[in-house]
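Student: Sharing a structure below in structure tokens format, with a few things to ask.
All of the numbers you see were taken from the coordinates with simple rules; none came from a lab. What you see is a predicted model, and the numbers here were worked out from it, not measured in a lab. A quick note on method: Cβ atoms are made from the backbone with ideal geometry, for glycine too, and the neighbour counts reach across all protein chains shown.
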Amino acid sequence: YPGTFTYAGDSKWRGIFRGTAAHNTVRVNRLDQADPAGPFGWRNSPQVSVSEWHTDSASDFLDAACLSRGIRHRRRVLFLKPDLLFIVDDVEFEQGGAGDLLAEQFWHPGSTVRTQGPSSFRIGDAGTLLLVENRGVVALSEGGEWGWHSPAYGFKQPSPVIVSSQQGGQSVHFGAVLAFSPREYAGRLVLTTAPETTEMVLGGSWRVSVTFASLGRPRVS
């Protein structure tokens, strides 16, 4: 989504527009998933894998992971067609790793954003983004370090960015739901983690519970 803005004219802005924080993913310890090597190359590329992919008329499910700098980011995405997209992000050290994690989940909506609550954001007329309440710090901003969009090469303009941040411990867990609806949606998202399961409960109009097991497709109720 962010666009290119520049290739070689300004190394700072080239780094910003192609960096991890410019995309809808998780950044760990304020580092990109790889190290820039000139305007086009990368060093220390991450190892990526897909554990499961399933699609049918009712839902899509993806379970994938990225291993970078000794830290594993696992993302599971469940699309309950046509309205609800559940996303759960697990960040943890690989075996033998140590320290405290600082993890940031970035959202670049690509449209106007209105705050509906501490962890609820209305995105234009397209839908609502709900993040887990009372888990870390959630902030909406525009411009600054990461809130930029390039509609054409050589041009940049401020754009909204939502960042959910958590710090501390050997593992960090994020949850999010995108509810696609032209109507405003008021809801609440709760995330509960256990050694073998992660449960996401969406309250409000939909009232959906999704249980992600350590392996296999999630269970919806």
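Student: Local charge sum around Glu52 (other residues, Cβ-Cβ under 9 Å, Lys/Arg +1, Asp/Glu -1)?
Tutor: Working: positive: Arg76, Arg217; negative: Asp63.
Summing Lys and Arg as +1 and Asp and Glu as -1 gives +1.
Student: Classify the chain: rounded, prolate or oblate, from the alpha-carbon gyration tensor (a ≥ b ≥ c, eigenvalue square roots; a/c under 1.5 rounded; otherwise prolate if a/b is larger than b/c)? Can you show the working numbers first?
Tutor: On the way: a/c = 1.72, a/b = 1.20, b/c = 1.43.
Oblate is the answer for the chain, as a/c is 1.5 or above yet b/c matches or exceeds a/b.
Student: Which of the peptides 159-167, 30-38 is most tightly packed, and how do the rest follow, going by the mean number of other Cβ atoms within 10 Å of each residue? Working shown, then result.
Tutor: On the way: 159-167: 20.0, 30-38: 14.4.
Output ranking for 159-167, 30-38: 159-167, 30-38.
Student: So which GluC sites (Glu not before Pro) in the stretch 34-119 are both in a DSSP loop and have at most 14 other Cβ atoms within 10 Å of their Cβ?
Tutor: Values: sites: Glu52, Glu92, Glu94, Glu104; in loops: Glu94.
Passing both the DSSP loop test and the Cβ count: Glu94.
Student: Additional query: Rounded to the nearest 0.05, what FRET efficiency do Ser11 and Val137 have when you use their Cβ-Cβ distance and R0 = 30 Å?
Tutor: 0.50
Student: I've got another one for you. The chain: longest stretch without exposed chymotrypsin sites (Phe, Trp or Tyr not before Pro) (DSSP loop, at most 16 other Cβ within 10 Å), sites themselves excluded?
Tutor: Numbers: sites that count: Tyr7, Phe40, Tyr153, Phe155, Trp206.
By the stated rule (loop sites, at most 16 other Cβ atoms within 10 Å), 41-152.
Student: Only Lys, Arg, Asp and Glu count, each charged at its Cβ (+1, +1, -1, -1), so figure out the dipole size of the stretch 38-138 about its Cα centre, rounded to 20 debye.
Tutor: On the way: 10 positive and 13 negative charges, 58 e Å.
That gives the stretch 38-138 a dipole magnitude of about 280 debye.
Student: PRE reach from Ser165 (point 7 Å along Cα→Cβ): which of the stretch 132-151 fall under 19 Å by backbone N?
Tutor: From the stretch 132-151, the list is 132-148.
Student: Something else now. Among DSSP beta bridges whose residues both lie in the stretch 76-197, state the antiparallel percentage, nearest 5. If you can, show how the numbers build up before the last one.
Tutor: Details: 42 of 42 bridges.
The answer is about 100 percent antiparallel.
Student: Can you classify the stretch 163-215 as rounded, prolate or oblate using the Cα gyration tensor, where a ≥ b ≥ c are the square roots of its eigenvalues, rounded means a/c under 1.5, and otherwise it's prolate if a/b beats b/c and oblate if not?
Tutor: Details: a/c = 2.88, a/b = 1.56, b/c = 1.84.
Since a/c reaches 1.5 but b/c is at least a/b, the shape of the stretch 163-215 is classed as oblate.
Student: Determine the gain in length on full extension of the stretch Asp83-Ala65; use 0.36 nm per residue of separation and subtract their C-alpha separation, reporting nm with one decimal.
Tutor: Values: separation 18, 0.36 × 18 = 6.48 nm, distance 2.48 nm.
My answer for the length gained is 4.0 nm.
Student: Per q in 0.20 1/Å, what log10 I(q)/I(0) does a Debye calculation on the alpha-carbon atoms of the stretch 132-172 return?
Tutor: With one equal scatterer per Cα and no solvent, log10 I(q)/I(0) is -0.68.
Student: In a Gaussian network model over the chain where Cα atoms closer than 10 Å are linked, find which of Val177, Val50, Val77 has the largest mean-square fluctuation.
Tutor: Result: Val50 has the largest fluctuation of those listed.
Student: Quote the charge dipole size of the chain about the Cα centre in Debye, to the nearest 20; the model charges only the Cβ of Lys and Arg (+1) and of Asp and Glu (-1).
Tutor: Details: 21 positive and 21 negative charges, 58 e Å.
Once rounded to the nearest 20, the dipole reads 280 debye.
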